[in-house]
Amino acid sequence: MELQLQKNELIAWLKTLAGATILSISLVGQFAELKTNISSPSRLAMAFEQKVDFLDDGPYLVKYDQNQGSDEQDPPYTTFAMAMTFKAQLANHPGKLIGGYDALTSAASDYEYLARISNESYGLVGNILISLPQEPNELASLQKVLAANSVVYAFPDGTGTLNIGNVKMGNGIHS
C-alpha cells in the first residue's frame with residue numbers, strides 16, 4: 001500500500017499504525033534520497049520527530065505492508081545520534097576522492113538508521129539519524145565509527161537541540 005503525507009501527518013500516522021512494516025519512504029519531487037532500515041512505524045516516527053534541518057516538511061511517499069495479527073511490541077527507543085558525511089572529488093586532483101561517506105554509510109547498516117542522501121555538484125552529502133543501541137559496548141562502537149567517518153556528529157544530551165555540548169567534529173574529511 002502507498003500513502004503520500006506531509007511530515008507532521010506522517011508522524012501522526014506512524015504513531016497510530018499497528019501491525020505494519022514500512023517497506024520504503026521517499027521525498028516526493030526532491031533530488032535527495034531517503035534511506036532507512038527502520039521497519040517499525042513507532043521507531044520511524046521517533047526518527048522523524050528529531051529536530052534536524054535535513055528532514056523536510058514533505059511530502060513523503062510511504063510504501064507499507066499491513067501485517068495480520070501482529071501483537072509485537074516495539075522496544076522503547078527514544079534517542080538518536082546524528083551524523084553528516086560526504087564524498088567529493090578535489091577540483092585540482094581529478095579522481096582523488098575525500099570524505100567518509102562510503103565507510104559511514106556501510107557502518108550505519110549495522111544500526112537502525114534514517115538517512116537523507118543528496119547528490120550535490122561537488123559530490124554526495126549524507127545526513128544520518130542512527131538509533132542508539134542499548135548495549136554499552138555497541139554504543140561505544142557507534143561513537144568510534146562516527147568519530148572516524150563523519151564530518152560532524154552529535155549524541156543527545158537531553159536538551160533536544162544540537163549545541164556546543166553535544167556536537168563533535170569527526171575525522172570524516174580525511175577518511
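Looking at the range 83-175, what % of the alpha carbon pairs are farther apart than 20 Å? If you can, show how the numbers build up before the last one.
Values: 1504 of 4278 pairs.
Pairs farther apart than 20 Å: 35 percent.
Quick one: order MET82, MET1 by neighbouring beta-carbon count within 10 Å, fewest to most.
Values: MET82 22, MET1 9.
Ordered from fewest to most neighbouring Cβ atoms within 10 Å, MET82, MET1 come out as MET1, MET82.
Determine the distance separating the Cα centre of the range 1-22 from the Cα centre of the range 25-56; give it in Å without decimals.
Using only Cα atoms to place each centre, the spacing works out to 11 Å.
How big is the range 1-49 in terms of Cα radius of gyration and Dmax, in angstroms?
In order Rg, Dmax, the Cα atoms of the range 1-49 give 10.4, 31 Å.
Label points 7 Å out from Cα along the Cβ direction at ASN163 and SER24: separation in nm?
4.0
Under a point spin-label approximation (7 Å from Cα along Cα-to-Cβ), what is the ASN92-LEU139 distance to one decimal in nm?
Using points 7 Å along Cα→Cβ, the separation is 4.4 nm.
Taking the Cβ of ALA88 as the centre, find all other residues whose Cβ is under 10 Å away and add up their charges (Lys, Arg: +1; Asp, Glu: -1).
Numbers: positive: LYS87, LYS96; negative: GLU120.
Here the charged neighbours net out to +1.
Between 0 and 90 degrees, rounded to the nearest ten: what's the tilt of helix 7-16 against the longest Cα principal axis of the chain?
It is inclined by approximately 50 degrees.
Quick one: which of LYS144/LYS168; LYS63/LYS144; LYS7/LYS51 span more than 22 angstrom between C-alpha atoms? Could the numbers behind the result be given before it?
Values: LYS144/LYS168 12 Å; LYS63/LYS144 34 Å; LYS7/LYS51 12 Å.
The answer is LYS63/LYS144.
Summing -39500 (n - 2.57) over the DSSP H runs of n ≥ 4 in the chain and dividing by its residue number, what mean residue ellipticity at 222 nm do you reach, to the nearest 500 deg cm²/dmol? List each step's numbers first, then the result.
Working: 4 runs with 40 residues, N = 175.
Result for the chain, helices only: -6500 deg cm²/dmol.
Read-outs: derived from the displayed coordinates by stated rules, not from any lab. Owing to the predicted nature of the structure, the values given are computational and were not obtained by experimental measurement. Using ideal geometry, Cβ is built from the backbone for each residue, glycine included, and neighbour counts are taken over all protein chains shown.
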